[in-house]
Amino acid sequence: MSTIAVAPAPGRARCRLVAGALSPRVLHADDGGARVALVATGALLLGGDEVRIDVEVAPGGWLEVVETAGTVAYDAGGTPSGWHVRARLGEGARLSWCGLPLVVADGAHVRRSTELTLAARARALLRETLVFGRVGETGGVLRAVTRATLDGADLLVEDLDLGPAARRSPGVLGERRVLDTTLALGWRPVEVPAGHRYDLDGPGAFVRYLGADTHSGTGPALAATSWRADLDLP
Amino acid sequence: MDASQSVLLALLADARLPTGAHTQSAGLEPALRSGLPAASVPAYLAARLRTVCVVEAGTAVVARHLSLAGGRARDLVAVETAWAARTPSPALRANARMLGRGYVRLLHRLWPAAGDDPRWRATRPVVLGLIAARSGLDAVNTARLVGYDDAQTVAAAMLKLAPLDPLVTTSWVLAARPLIEALADRVAHLTRPGEIPACGAPLIEQWAQDHDHTTERLFRA
């Protein structure tokens with residue numbers, strides 16, 4: 001398991017970093033938090049891999065996670081693999097994690113889970129780009145579960161069964177290969193002039209693009225850039 | 001099924017129930033408008049029974065359970081919060097809450113209880129759960145009701161949106177019976193808000209948002 005824990009401290013924030021399948025490296029730090037890159041320590045994601053990333057931002061702190069490369073879940077002949085993120089944000093903490101695409105190749109069987117626990121006044125900005133198949137492929141099996149709570153109450157819970165048959169059903173993804181989402185939790189961000197926007201019942205919203213390729217949907221990219229400003233990161 | 005259950009289920013599943021069913025297409029109108037072929041409508045109906053309907057049915061079952069367990073107002077608020085977190089489309093949430101008003105009138109007139117507040121508002125599945133609790137409808141039938149109602153809504157709306165033999169659309173609902181049973185099996189035992197499934201359907205949600213901004217439409221949702 002990889003761990004990134006950040007806590008504000010006079011002079012320079014305290015960072016506890018533990019390397020797993022992904023190795024965290026501090027790019028920048030101040031007294032409130034840090035920008036941390038995640039670097040894969042080997043080929044990812046292969047059958048049987050269970051990547052776990054545990055993130056903790058102490059009250060009032062900030063953390064920006066930067067991925068250096070997208071991830072391909074390779075053909076594993078159907079052997080399951082997993083990508084699990086758990087993030088806990090203390091009161092008033094801020095997290096930005098605009099991830100790079102996860103490409104689910106033919107023969108991959110991935111379970112992805114994102115669990116976010118926000119204390120009062122915490123804010124999280126996340127981008128998740130899911131791509132089915134490399135060029136010429138239809139793509140493997142993916143189940144993507146997101147669960148976010150704010151101050152103990154469910155804010156967004158989504159469980160997407162994106163196996164080939166289920167996702168091609170009319171109303172799920174149909175023939176679309178890309179599911180690209182930028183999600184703001186803990187506040188109601190400004191409108192961006194592209195993509196479909198969904199305001200949550202609680203404080204939060206996401207912009208989502210469903211389409212044929214990653215470069216034609218501009219909404220999530222615009223939202224990621226525009227909403228990051230609301231986190232007031234250095 | 002005992003006799004009281006059969007009549008209750010028939011009554012609550014009847015399109016003549018004055019709860020605004022005629023305003024609903026279960027997302028079929030925007031689906032067809034976005035290019036869903038008529039031949040794919042049975043698959044669309046099936047996809048709903050595996051996704052958004054599971055959330056609705058789970059919500060109704062949990063609301064029913066908590067109400068029977070002596071639930072207070074704040075327990076139902078927790079169910080509503082769980083449902084809302086699992087229903088990311090604001091258009092779908094607004095529609096379900098609009099429908100909820102009709103079900104509240106039904107609840108207060110047919111199954112009144114001391115302390116009922118006529119101003120109470122909740123989403124349709126939460127009110128349906130309360131109706132189930134007070135009328136005596138069991139958990140499995142509550143879930144079946146949600147699944148059946150959704151399938152029948154798609155089938156009935158199809159007749160207004162595309163010319164088709166009504167026997168064909170009725171056969172779709174009958175063919176969906178195993179899926180309705182599977183849905184009921186999946187949620188009937190649920191008791192806590194956190195257990196409500198969160199099966200999403202991104203295109204259904206996107207179409208619902210598009211439909212909300214459309215001025216020329218036959219159905220509200």
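Of note:
- Charged side chains reduced to their Cβ positions (Lys and Arg at +1, Asp and Glu at -1) give chain A a dipole of some 260 debye around its Cα centre.
- Neighbours of B:A155 by Cβ distance under 14 Å: Lys/Arg scored +1, Asp/Glu scored -1, total -1.
- Loop sites here are trypsin sites (Lys or Arg not before Pro) outside DSSP states H, G, I, E and B with no more than 15 other Cβ atoms within 10 Å. The longest part of chain A free of them is A:13-133.
- Full-stretch length increase - B:A15, B:A69 - with 0.36 nm per residue and alpha-carbon distance subtracted: 16.4 nm
- Computed helical MRE - 222 nm, chain A, DSSP H runs ≥ 4 contributing -39500 (n - 2.57), nearest 500: -1500 deg cm²/dmol
- Net +/- balance of residues flanking A:H28 in space, Cβ distance below 11 Å, scoring K and R +1, D and E -1: +1
- Range in chain A, longest, excluding exposed GluC sites (Glu not before Pro) [loop by DSSP; at most 14 other beta-carbon atoms within 10 Å]: A:1-90
- Computed label-point distance, nm, for sites B:H22 and A:T3 using a 7 Å Cα→Cβ extension: 6.4
- Estimated distance in nm for a label pair at B:R134 and B:S6, the labels positioned 7 Å out from Cα along Cα-to-Cβ: 2.7
- Using alpha-carbon coordinates, inclination of helix A:219-228 to the longest axis of chain A, degrees: 10
- Under-5 Å amide H pairs with A:H28, H placed in peptide plane, nonlocal only: A:R35
- Taken as Cα centroids, segment B:4-41 and segment A:1-55 sit 49 Å apart, rounded to the nearest whole angstrom.
- In the elastic network of chain B, a GNM with C-alpha springs shorter than 10 Å, the most mobile of B:A94, B:A208, B:A69 is B:A69.
- Computed from protein heavy atoms with a 1.4 Å probe, the total accessible area buried between B and A is close to 2100 Å².
- Evaluated with a Cβ-only charge set (Lys, Arg +1; Asp, Glu -1), the protein assembly as shown carries a dipole of roughly 600 debye about its Cα centre, given to the nearest 20.
- Most mobile listed residue (A:G77, A:G33, A:G92) in chain A, GNM with C-alpha springs under 10 Å: A:G77
- Charge tally for B:A69 (other residues, Cβ to Cβ under 11 Å; Lys, Arg +1; Asp, Glu -1): +2.
- Efficiency of FRET from Cβ geometry, A:R52 and B:R105, R₀ 51 Å, rounded to 0.05: 0.55
- Signed unit charges on C-beta, dipole axis of segment A:2-182, positive-most listed residue A:V178, A:A69, A:V57: A:V57
- In this rough spin-label picture, where each label sits 7 Å from Cα along the Cβ direction, the A:E191-B:A182 distance is 4.1 nm.
- Comparing B:L11, B:L161, B:L32 in a Gaussian network model of chain B, where Cα atoms under 10 Å apart are tied by springs, the biggest mean-square fluctuation is seen for B:L11.
- Beta-bridge orientation, the protein assembly as shown: approximately 40 percent antiparallel, per DSSP, counting only bridges with both partners inside.
The values are calculated or read from the model by the stated rules, or taken from the named source; none is laboratory data. Just so we're clear, the structure is a prediction, and the values are computed from it rather than from any experiment. FYI the Cβ positions are ideal-geometry reconstructions off the backbone, even for glycines, and counts take in every protein chain you see. Calculation scope for accessible area: heavy atoms of the full protein, side chains included, ligands and nucleic acids excluded. Shrake-Rupley method; radii C 1.70, N 1.55, O 1.52, S 1.80 Å.
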